[in-house]
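The next block holds one structure in the form of structure tokens; read it before the comments.
The values are calculated or read from the model by the stated rules, or taken from the named source; none is laboratory data. The model shown is predicted, which means the values in this text are computed figures rather than measured ones. Because the Cβ atoms are built from the backbone with ideal geometry, glycine has one as well, and the counts that use them run over all protein chains shown. We work out accessible area using only protein heavy atoms, side chains counted, and drop any ligands, DNA or RNA first. Shrake-Rupley method; radii C 1.70, N 1.55, O 1.52, S 1.80 Å.
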Amino acid sequence: MLHPIPPAAVFFDMDGLLIDSEPTWFQAEKDMLAGYGYTLGPEHYPHVLGKPIEVSTAYLLELTGHPVTAEQFADGIETAMVERLRDGVPMMPGAKNLLVELEAAGIPLALVSASSRRIVEACLPLIGRDHFRVTVSGDDVEHSKPNPDPYLLAAQHLAVDPAHCVVLEDSPTGAAAGHAAGCRVIAVPHAAEVPARERVTVVDSLQRVDLAFLRRLFDER
């Protein structure tokens, strides 16, 4: 493996971290459930935020009494999302500047999402495909977040040690995955709390994060 000055690579979550797509996901899920006569309220948001589609689908089907199969339900939500993504979603504050700064510094970047490859491909034109040397979707691993597999796969593709890498996430599920992979984690929570702990730093915006900030995470080695 390569052992450059940390961070050897930076791994970005997508939904809710780089793009403000979580409200769009939730609206698609609300509309889907409304079709089955169920009103999805804000109290359900933490149960679907940042979850792999199979996890959120299982939760939502349980609420509605399983009117369709999990495959039909997930496909319906993803189809609705792709249609909404065509209208665009905004980047999160500070996201574009951070991508540009790290890319200019030669830091390898990877996009690591629990969303399907179909959703990732729909979002990449909005974010900028060329920023990333590697993209990992939920379809690329057997065990998605909160398991470490997506981040371990990204590190493998880039030939870097996860212990020398930084993960940026917005959800407890994603932060747990990055932590389990052995990476430093920066959490930018906005709908569910992510507690700070060893190797997990919590900030209120990506605007607070730059390359100097990332390097300071490794000062106490």
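Here are the criteria: (1) surrounded by fewer than 20 Cβ atoms within 10 Å (Cβ to Cβ); (2) in a helix (DSSP H, G or I). Tell me which single one residue 106 does not satisfy.
(2)
Give the stretch 137-170 a look and list any residue that's of a type in the set (A, V, I, L, M, F, W, C) and either open to solvent by less than 10 Å² (accessible area, probe 1.4 Å) or out of contact with any strand residue (DSSP E or B) (no Cβ under 9 Å at 6 or more places or on another chain) (or both), or say none.
The answer is 141, 152, 154, 155, 160, 165, 166, 167, 168.
Does residue 121 fit the bill of being at pLDDT below 85, acidic (Asp, Glu) and either crowded, with 19+ Cβ neighbours inside 10 Å or closer than 30 Å to residue 8 by Cα (or both)?
Here the answer is no, as residue 121 does not meet what is asked.
Here's the yes/no breakdown for (1) assigned to a loop (DSSP other than H, G, I, E, B); (2) open to solvent by 10 Å² or more (accessible area, probe 1.4 Å); (3) within 18 Å of residue 110 (Cα to Cα):
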{"residue": "5", "(1), (2), (3)": "yes, yes, yes"}
{"residue": "27", "(1), (2), (3)": "no, yes, no"}
{"residue": "30", "(1), (2), (3)": "no, yes, no"}
{"residue": "38", "(1), (2), (3)": "yes, yes, no"}
{"residue": "51", "(1), (2), (3)": "yes, yes, no"}
{"residue": "56", "(1), (2), (3)": "no, no, no"}
{"residue": "61", "(1), (2), (3)": "no, no, no"}
{"residue": "68", "(1), (2), (3)": "yes, yes, no"}
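Just give me the residues in the stretch 175-200 being open to solvent by 50 Å² or more (accessible area, probe 1.4 Å), within 21 Å of residue 164 (Cβ to Cβ) and within 16 Å of the chain's Cα centre (by Cα), in sequence order.
Within the stretch 175-200, 180 is the sole residue that qualifies.
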